[in-house]
Amino acid sequence: MTAVVLFVLMFLLMALGLPIALAIGLPAIGLILTPGVFPDGVTFSALGQTIVGQMFAGVDSFDLLAVPLFMLAGGIMEVGGISRRLIAFSDSLVGWVPGGLACACIVASMFFAGISGSAAADTAAIGAVVIPAMIRQGYPPAFAGAVVAAGGSIGVIIPPSIPMVIFGFMTNISTSQLFAGGMLVGVLMGLSFMAVAGWLSWRNGYGARRPFSAKEVGQTFLEAFWSLGAPVVVLGGILSGIVTVTEAAALAVFYALLVSLAINRELRWKDLPEILVRSQATGAAILFIIAMAKVFTWLLTMQQTGQAVGAAVEALALSPRALLLLVMFVLLIVGCVMETTAALILLVPTLAVFVPQMGIDPIQFGVLVVVNLAIGMLTPPVGICLFVSCGIAGIPLGAISRAVAPLVVAAVIDLLIASLWPPLTMYLPALFYR
């Protein structure tokens, strides 16, 4: 009964517009302090200390330092001219196909995903350059925003990935192996989005095509050389074992500063305070959600909610594959109505119990969870990538929601492939680490 009350109150507060962290934390704190929920011998002071202790334990991790660092790296690269050079190089590669600029946007998003670890940062950095250019080429604003949002969602699948850092922290699973598991899935989603965007552009006559030029490819490659080096440095360091994920995040910040200040020379020292404040405000919001969610999940654990859910699922007597598909369906629904970090913290401890019954590797499960929630970033009412694109394109949420539907269908098909064909998520972790 406590779990039902908790979730009802949480969704009610979210519907009223309360910040996610408070919508999660206030019901839990209120119930913990309500007389009768815990034994009479437990004092009010002891409960207060427990709440503070759980909040601190929720964020007391060296691994979580990667979250604000990756946010800072993404902010620096957005201002430092890196995204513009990646887009120009991508356009020279695929600008000759139907929907060339739309496809170039997705390719650039895949490159940028290897740097920032944040879907919102990816969408903002690429969208600020690409959406106005696509509109000038004759793409409808809703379609342009949808393509940018879809490309941005890849930012949490192709490593580094902030949700994977959080998942690894919660489950004690190697974040580096999660990163390796997400690479091929992210590439598959990028290719699928390019196919859908190209087909829609060809059918509707969107955009302009231009002849392929090897000379232009070479020129834009030279201009983007140092920008392209960022994902190589970050991912190479992680996958080779030279640096940890947190150290790689610090390395990304250093590399972004070096390229933006000394090579591209588009970032000025006076821009840094604003970038620092903006990126760390976002990072702090994520960590505050984690702290509040820790209190929420602690209360659920004390009320033995996980055991009750486990007994209910066992009563269904589902096959491993059917159970896997049921869990994926639940995560898709949750991703539509809940912010990614909150969904991870609240659901993963319970769903991870079913990993042995689903017959999959924990690494594959972690990647599938992140892919599910990435799809949620493309669906209303809380799709963060949609909101960022709407703001840039100046269009209502309803218009972009209709335009993004074919891309969401493609992403769901990719999720099914990743769920039912383990080598897509497990080949690279096995190659690098096992």
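Given the residues Gly80, Gly99, which is the only one that is among the small types (Gly, Ala, Ser), surrounded by 24 or more Cβ atoms within 10 Å (Cβ to Cβ) and on the phi > 0 side of the Ramachandran plot?
On the way: Gly80 fails: on the phi > 0 side of the Ramachandran plot.
Every option except Gly99 fails the conditions.
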Yes or no: segment 153-164 includes at least one residue that is in contact with a Cys (Cβ under 6 Å, 6 or more places away or on another chain), in contact (Cβ under 8 Å) with a residue 24 or more places away in the chain, surrounded by 23 or more Cβ atoms within 10 Å (Cβ to Cβ) and closer than 23 Å to Ala285 by Cβ. yes
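Might you let me know whether segment 261-273 holds any residue that is acidic (Asp, Glu), in a helix (DSSP H, G or I), surrounded by fewer than 17 Cβ atoms within 10 Å (Cβ to Cβ) and without any contact (Cβ under 8 Å) to a residue 24 or more places away in the chain? Talk me through it step by step, then tell me what you get.
Of all residues in segment 261-273, those acidic (Asp, Glu) come to 266, 271.
Okay, now just the ones that are also in a helix (DSSP H, G or I), so 271.
Next cut, surrounded by fewer than 17 Cβ atoms within 10 Å (Cβ to Cβ) only: 271.
Now narrow it down to the ones that are without any contact (Cβ under 8 Å) to a residue 24 or more places away in the chain: none.
No: segment 261-273 contains no residue that is acidic (Asp, Glu), in a helix (DSSP H, G or I), surrounded by fewer than 17 Cβ atoms within 10 Å (Cβ to Cβ) and without any contact (Cβ under 8 Å) to a residue 24 or more places away in the chain.
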Give just the number: which of (1) in contact (Cβ under 8 Å) with a residue 40 or more places away in the chain; (2) in a helix (DSSP H, G or I); (3) closer than 17 Å to Asp122 by Cα does Ala410 not satisfy? (3)
The number of residues in segment 75-109 that are over 25 Å from Tyr139 (Cβ atoms), part of a helix (DSSP H, G or I) and small (Gly, Ala, Ser) is 1
Residue check, Gly207 more than 16 Å from Met426 (Cβ to Cβ), in contact with a helix residue (DSSP H, G or I) (Cβ under 6 Å, 6 or more places away or on another chain) and outside any helix (DSSP H, G or I): yes
Flag for Phe70 being in a helix (DSSP H, G or I) and surrounded by 24 or more Cβ atoms within 10 Å (Cβ to Cβ): yes
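May I ask you to verify whether Gly41 is at pLDDT below 80, under 27 Å from the mean Cα position of the chain (by Cα) and in a loop (DSSP other than H, G, I, E, B)? Step through it out loud before you land on a result.
Details: at pLDDT below 80: yes; under 27 Å from the mean Cα position of the chain (by Cα): no; in a loop (DSSP other than H, G, I, E, B): yes.
For Gly41, the condition - at pLDDT below 80, under 27 Å from the mean Cα position of the chain (by Cα) and in a loop (DSSP other than H, G, I, E, B) - is not met.
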Those residues of segment 140-188 that are outside any helix (DSSP H, G or I) and either at pLDDT 90 or above or within 17 Å of Ala121 (Cβ to Cβ) (or both) come to a total of 6
Out of Ile115, Ile157, Ile106, report the one residue that is touching an Asp or Glu at 6+ places or on another chain (Cβ under 9 Å) and within 29 Å of Val348 (Cβ to Cβ). Ile115
How many of the residues making up segment 384-407 are crowded, with 22+ Cβ neighbours inside 10 Å and under 30 Å from Ile360 (Cα atoms)? 2
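The values are calculated or read from the model by the stated rules, or taken from the named source; none is laboratory data. All values derive from a computational prediction rather than experimental measurement. Cβ sites come from the backbone with ideal geometry, for glycine too, and all protein chains shown count toward neighbours.
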